[in-house]
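Report on one structure; see the data block that follows.
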Amino acid sequence: MMRRAIRMSGLALALACASPLLAQMPAPADAPMGGANAAPNAGFAGRWGGHERPFASMSEAGRAVMQNAMHGADRKAEHDQVKAARDRMLAIVDADRLDTAALKRAMDDERRVATSSREAAQARMLEAITKLSPADRKAFVADARAMKARMESRMAEGRGRWGRGRPGGDMPPPQ
């Protein structure tokens, strides 16, 4: 449940802003992709928890173009590179003696890999968006804004539910 909410939140934010999350969230290998021959909501009820499939207002062709951009072959490799760079940083911080020069290099590597990943994601999005019809571009924007609003609502709900000492929160206030 939490993993699905995180994935949906990341997708909505990435699509709304073409953010680095687009390149850093791996899609499940067995995730249904839809396409020209797929039923309108085929496979999405389980993946999206019964919610409307992403970009439902777009044509099947437009949705296929965007899915190909979002689930490109390079995404897993990009994600793995960012993860490895972050793991190197944690290993350096975890050492008994902190090597700040090595940490700085690892941070520079992580930033370089993350920037490269973000640039590749934005290039894929740019190419995909240029292939959309004007109607699909408008539908994309409307659906992205709706997803962003749903994500912000869920985030606000989560802050109320899990916030420290907030009304409805599960944790007691700090002492």
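Since every read-out is calculated from the coordinates, none of them should be taken as a lab result. Nothing here was measured: the structure is a model prediction, and the numbers come from that model. So basically every Cβ, Gly included, is an ideal-geometry build from the backbone, and we count neighbours across all protein chains shown.
How far apart, in nm, are the 7 Å Cα→Cβ label points at ALA146 and LYS104?
5.1 nm
Could I have the simple spin-label model distance between LEU126 and ARG111, label points 7 Å from Cα toward Cβ, reported in nm to one decimal?
2.2 nm
Would you grab the residues whose amide H sits under 5 Å from the one on SER59? Only those 5+ places off in sequence or on another chain, please, with H modelled 1.01 Å from N.
Long-range HN contacts for SER59: none found.
With each label point set 7 Å from Cα along the Cα-Cβ vector, what nm distance links ARG137 and GLU60?
If labels sit at ARG137 and GLU60, their model points lie 2.5 nm apart.
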